[in-house]
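Down below is the structure, laid out as structure tokens.
The values are calculated or read from the model by the stated rules, or taken from the named source; none is laboratory data. Every value quoted in this text rests on a predicted model; they were computed, and no experiment measured them. With ideal geometry, Cβ positions are generated from the backbone for all residues, glycine too; neighbour counts draw on all protein chains shown. All accessible areas refer to the heavy atoms of the entire protein, side chains included, with ligands and DNA or RNA removed. Shrake-Rupley method; radii C 1.70, N 1.55, O 1.52, S 1.80 Å.
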Amino acid sequence: MTASVLKSRAAVAWGAGKPLTIETVDVAPPKAGEVRVRIVATGVCHTDAFTLSGDDPEGIFPAILGHEGAGIVESVGEGVTSVQVGDHVIPLYTPECGECKFCKSGKTNLCQKIRETQGKGLMPDGTTRFSIDGQPIYHYMGTSTFSEYTVLPEISLAKINPEAPLEEVCLLGCGVTTGMGAVSNTAKVEPGDTVAVFGLGGIGLSVIIGAAMAGAGRIIAIDINESKFELARKLGATDCINPKDYDKSIQEVIVEMTDGGVEYSFECIGNVHVMRSALECCHKGWGESVIIGVAGAGQEISTRPFQLVTGRVWRGSAFGGVKGRSQLPEYVERYMNGEFKLDDFITHTMSLDDINDAFDLMHEGKSIRTVIHYNK
Ligand SMILES: NC(=O)c1ccc[n+]([C@@H]2O[C@H](COP(=O)([O-])OP(=O)(O)OC[C@H]3O[C@@H](n4cnc5c(N)ncnc54)[C@H](O)[C@@H]3O)[C@@H](O)[C@H]2O)c1
Ligand SMILES: N[C@@H](CCC(=O)N[C@@H](CSCO)C(=O)NCC(=O)O)C(=O)O
Ligand SMILES: [Zn+2]
Ligand SMILES: [Zn+2]
């Protein structure tokens, strides 16, 4: 049966710094190679707030944000073979085409097949599937999970175990996979290593889970909001420190605490000054720092080159280095097998109507993850 235009509830971002408004949007049927998905639940990640703030050089309005969702295939376009109506899926802002130079390299998860149009808020054919009274509304990160119905390229969907609770595994669409994957794929933490984690939101706490699983000997958790420490300790942090408690730099504090520095550090905030601290708290000769946080337009990192000359390494990680279609289903299985929990992260759930509250809670430091339930 041919799909037709659907009416969908969506939170629309009309401009930088403006609250989202709940609208009824028209969602066009999927074209060839595309899939329309009914989103059941979506987390709200700091990156959504970052783009809404206007700091994202790729930010474009009006758009439907959201990239940490899970849902069920509603209809498929011509030629789609890898998913069918009723399949449970997680949208991927990092697709996996399996054919491009990047996919074939074996060195990265950063598939580039549709990156150009995705960054412009468009589907691969250069148009949008969302509109209100004929006015086009842009996509975001190729996912737009703040709409109950959204359209994605087939290569941007991971098919997952239908038994998995979508209201929880949506967090594997970004935050939890990003943190855990950065530890195992990017840093490759080994048993006994000392690790420092800067920023204890959804990403930093997931780094802690990953580091504990990898057998890290010491996990130093750093945040200026001490209310994050309890959960950090529960997940495996051995030391929790607040930079505001010291009259010297946090990197000096950590170097002293660790007899010369950590094996691995992770910046999970998006603050270029903290990125420097995260590099400089690494051990001379071998310490490696992984940047996960996303910094605003025009911001740059700096350090003395001597820090690198003397063996420290600066790297970065997107979506934890995870290839979404081939590897994300395994994360869902590991969750289903009880290897790690997701409910610890879900401090709030709410309906789409209240989504601006989710951003307020994040900015006030009161939430780890808010999950929007479309059936609430
Ligand atoms: N690279 C990726 O693939 C990827 C994926 C997801 C998120 N991100 C980015 O990761 C970052 C974290 O995301 P999140 O959802 O966990 O955010 P969050 O807002 O939930 O958490 C950030 C934490 O950092 C702490 N913090 C802020 N300033 C600090 C400072 N100066 N020193 C110490 N702690 C400080 C906050 O108190 C908070 O606990 C964001 O920049 C986000 O855009 C990147
Ligand atoms: N658009 C921004 C960069 C945003 C960014 O770095 N996004 C991360 C994912 S954050 C998820 O919460 C990412 O995967 N980047 C790789 C990519 O976008 O190709 C900018 O232009 O600075
Ligand atoms: Zn995210
Ligand atoms: Zn590719």
At residue 133 and residue 246, where each label point lies 7 Å from the Cα along Cα→Cβ, what is the point-to-point distance in nanometres?
5.7 nm
Two-site FRET efficiency, residue 354 against residue 188, from Cβ-Cβ distance with R₀ of 41 Å, rounded to 0.05:
0.50
Rounded to the nearest 10 Å², what accessible area does residue 58 show when all protein chains are kept and the probe is 1.4 Å?
90 Å²
Comparing 60, 209, 301, which has the greatest mean-square fluctuation in the GNM of the chain with Cα pairs linked when under 10 Å apart?
301
Tally Lys/Arg at +1 and Asp/Glu at -1 over every other residue whose Cβ is under 11 Å from the Cβ of residue 170; what's the total?
-2
Largest first and to the nearest Å, give the Cα extent of segment 1-147 along each principal axis.
40, 40, 26
Among 235, 92, 157, residue whose mean-square fluctuation peaks in a GNM of the chain (springs only between Cα atoms under 10 Å):
235
Sum up the charges of everything whose Cβ sits under 15 Å from the Cβ of residue 215, counting Lys and Arg as +1 and Asp and Glu as -1, but leave residue 215 out.
-2
Under 10 Å, Cα contacts only: if you run a Gaussian network model on the chain, which one of 167, 300, 333 comes out with the highest mean-square fluctuation?
300
Which of the residue pairs 159/228; 7/341; 31/101; 104/284; 104/159; 7/376 have a Cα-Cα distance greater than 23 Å in the structure shown?
159/228; 7/341; 31/101; 104/284
Once the Cα gyration tensor of segment 178-318 is diagonalised, what are the square roots of 5 times its eigenvalues, in whole Å and ordered largest first, as equivalent ellipsoid semi-axes?
19, 16, 16
Give me the one-decimal nm value for the distance between modelled label points at residue 344 and residue 99, 7 Å along each residue's Cα-to-Cβ direction.
4.2 nm
For the chain, I need the span (max minus min coordinate) of the C-alpha atoms along each principal axis, in Å, sorted largest to smallest.
66, 40, 39
Can you work out the PRE-style zone for residue 330? Point 7 Å along Cα to Cβ, and I want the residues of segment 170-204 with backbone N under 20 Å.
170-191
Tell me the carbon and sulfur percent of the accessible area for the chain, rounded to whole percent, probe radius 1.4 Å.
49 percent
Per residue, how large is the accessible surface of segment 1-96? Use a 1.4 angstrom probe and give square angstrom.
38 Å²
For segment 178-318, accessible area per residue (1.4 Å probe, heavy atoms of protein chains only), Å²:
42 Å²
Counting as exposed only chymotrypsin sites (Phe, Trp or Tyr not before Pro) in DSSP loop states with no more than 13 other Cβ atoms inside 10 Å, the longest exposed-site-free span of the chain is 15-245
Calculated [θ] (222 nm, deg cm²/dmol) that DSSP helices of n ≥ 4 give over the chain, each run adding -39,500 (n - 2.57)
-6500 deg cm²/dmol
